[in-house]
Amino acid sequence: MSEAAPPATEERHSFGAEVGRLLDLVVHSLYSEREIFLRELVANAADATDRRRFESLTDPTLGAPANAGIRVIPDRPTRTLTIADQGIGMTRDDLSQNLGTIARSGTRAFTATLDQAPTDERPALIGQFGVGFYSAFMVADRVEVTSRRAGTAEAWTWASDGRGEYTIAPAEREHPGTSVVLHLKSDAEEYLDPYRLETIIRKWADHITLPVTIERDGKDVPANEGTALWRKPKAEIDEKSYTELYRHLAHAFDEPWATLHWRAEGQLEFYALLFIPGARPFDMFTEDRASHVRLHVRRMFITADAKLLPEWLRFVQGVVDTEDLPLNVSREMLQATPVLARIRRAVTNRVLTELKSRAKDAPAYTKFWENFGPIMKEGIWGDTEHRPALTELMRFHSTTADGWTSLADYIARMKPNQEAIYYLAGDDESALRGSPQLEGFSARNIEVLLFTDPVDAFWPERVTTFEDKPIRSVTQGAQDLSRLPTPATEGESADVTTLIPALKSALGDAVDDVRPTDRLVGSAAVLAASTRGPDLQVQRLLRRTGRPAPEMAPILEINPRHPLIHALATQQKAGTDVSDAAQTLLDLARVQDGDAPRDPAAFARRVAAALART
């Protein structure tokens, strides 16, 4: 006995799930942006069209149109918004199963049948979980879906207000495909504005291959580019096209310093097109430190907040488009999945490989480093996995080499008896070059790297060695000089045997110690960091930012050959009180290091009194 034809009257059904709770979840919790509904419906239309094209390869009667597209039709008089396609369409049973059961995805069911199909013939279907359609109820109080399955003559209309029931009734439709009609809520009339709709489509669906049009003033106006540049072979793309996309993504006017375009294949498949800017963005040091490389799934924009690159590569712009990401039900609020984590790792390593290659061209790399070096150094502090690679990429100014130098270059120039890589951290390169901290190293022709970025004071705590050479601040490496040849010095050393205890007594807790040093040439005194505390520059930065800093008094080192120390030693032996001189000497050492005197007013009075005696 043949199966009876379905009745040609409207049928009323209940949804195949706890629709009240689920639709409330979709409308109020699942999506953070109301405009997402249009992306979801366009994605569904694109899936249906691709599916018709695929099935027509084996069933020509399905007749996939060559110029199939998606039409978006706003109608103010009726306050409706229609999204129409020429896709595979749905039968009555399809409508009941796919739209009448929450979270049942026709796309997912169809995809499950493609295991035996050649990879290059499979349609790139976007939908996964079957809830995107219901986002329409965020903006509509009634939704009607009229559909005709390709290869059939019957059309049906599914309709619901999203409150627990839906109806299915016979309909008329000239061509196969589907039309979704949204009866918009009173607070959703913005989605009847063609220009607003175009903005949404260009944001979320600009690169899907199907043309999307919006009816405006009686004409269908193109609303998307329809070209995913990153999916094209590199040989087909010129520099102008790359630059135009870079400027569009970065909202910039410069040209990219580097373009990285590749396709990852194998267990993990994705397309990537990344740009390293040629100029430093204005917002590089804002509080928003996250990467905003755009994540697409099969050309459909998902989010710019997937954090596809670490914070220290936040200046990189571009797109990653994957076939493999198992999206959760909320596309714009991605959870950290293992696949996404592998994509992040692969993309980060690819950028590092490119930088390592380009670092061999010193003039070109200099431009990059001057723009983005301070950001890259942030990774040294916080990224354990990539720290070794980042350390090789760092560049610094130094006291003996012109331009920028690497740690490897520094080691190649080290003296035979030199044990460590020395650096001096501060705020200004020219001030550092004149610092008394360098006098002993300069006299011995020992190269010192100059660290001038704020992060430079901190990252050496995490990278204590490079190629088995300690990395040491000159404020903590004074004792190393005793192992190196002593330069010829002018003048005899004063006998400071009794002066040092007197200075210690006068300064009290203001210093950790007072000791003579041979690392000074033209200065009377210098500060050194205590071996029990952080570098002096670290302490200064913490104090300036108001953050808790350890109260570690510095060591005051004095130069026994300096005339001032000679004079103080003579005065002290003669019974003169050197307390004021000790305070002035400490303040002078602080000023030389870029700090203010502990008591500026008292310092000024002491200096004035000393000048009056001359």
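Scanning segment 76-99 for residues that are surrounded by fewer than 23 Cβ atoms within 10 Å (Cβ to Cβ), touching a Lys or Arg at 6+ places or on another chain (Cβ under 8 Å) and touching a residue at least 40 places away in the same chain (Cβ under 8 Å) yields a total of 4.
Checked against (1) buried (at least 17 other Cβ atoms within 10 Å of the Cβ); (2) more than 24 Å from Gly162 (Cα to Cα); (3) out of contact with any Leu (no Cβ under 9 Å at 6 or more places or on another chain), Arg52 passes all but condition (3). Please work out if Arg298 is surrounded by 16 or more Cβ atoms within 10 Å (Cβ to Cβ) and free of Cβ contacts under 8 Å to residues at least 12 places away in the same chain. The answer is no for Arg298.
Counting the residues of segment 427-465 that are modelled with pLDDT of 85 or more, under 22 Å from Glu392 (Cα atoms) and assigned to a loop (DSSP other than H, G, I, E, B) gives 8.
The set of residues in segment 246-267 being open to solvent by 30 Å² or more (accessible area, probe 1.4 Å) and farther than 21 Å from Tyr365 by Cα consists of Arg247, His248, His251, Trp262, Arg263, Glu265, Gly266, Gln267.
From the list Gln572, Gln583, the lone residue that is modelled with pLDDT of 90 or more and over 22 Å from Val474 (Cβ atoms) is Gln583.
For Trp204, indicate whether it is buried (at least 20 other Cβ atoms within 10 Å of the Cβ) and modelled with pLDDT of 90 or more. Walk me through it before giving the result.
On the way: buried (at least 20 other Cβ atoms within 10 Å of the Cβ): yes; modelled with pLDDT of 90 or more: no.
The answer is no for Trp204.
May I ask you to list the residues in segment 210-229 that are within 28 Å of the chain's Cα centre (by Cα) and buried (at least 16 other Cβ atoms within 10 Å of the Cβ)? Selection gives Asn224, Glu225, Gly226, Ala228, Leu229.
Taking the criterion of being exposed (fewer than 14 other Cβ atoms within 10 Å of the Cβ) and within 19 Å of Ile411 (Cβ to Cβ), the residues of segment 349-384 that qualify are Lys356, Lys360. Scanning segment 53-73 for residues that are among the polar types (S, T, N, Q) and at pLDDT 85 or above yields a count of 1.
Residues that are modelled with pLDDT under 90 and open to solvent by 20 Å² or more (accessible area, probe 1.4 Å) occur at least once in segment 153-164. Inspect all residues belonging to segment 230-243 and state whether any of them is open to solvent by less than 10 Å² (accessible area, probe 1.4 Å) and within 17 Å of the chain's Cα centre (by Cα). Checked segment 230-243: no residue is open to solvent by less than 10 Å² (accessible area, probe 1.4 Å) and within 17 Å of the chain's Cα centre (by Cα).
Among the residues of segment 570-614, which ones are basic (Lys, Arg) and open to solvent by less than 70 Å² (accessible area, probe 1.4 Å)? Selection gives Arg590, Arg606. Considering each residue of segment 385-404, count those that are within 20 Å of Arg462 (Cα to Cα) and either open to solvent by less than 10 Å² (accessible area, probe 1.4 Å) or touching a Phe, Trp or Tyr at 6+ places or on another chain (Cβ under 6 Å) (or both), and give that number. Looking only at that region, the number is 6.
The values are calculated or read from the model by the stated rules, or taken from the named source; none is laboratory data. Note that the structure is predicted; figures quoted are calculated from it, not measured. Note: ideal-geometry Cβ built from the backbone for every residue, glycine included; neighbour counts use all protein chains shown. The area values use the complete protein model at the heavy-atom level, side chains included, leaving out ligands, DNA and RNA. Shrake-Rupley method; radii C 1.70, N 1.55, O 1.52, S 1.80 Å.
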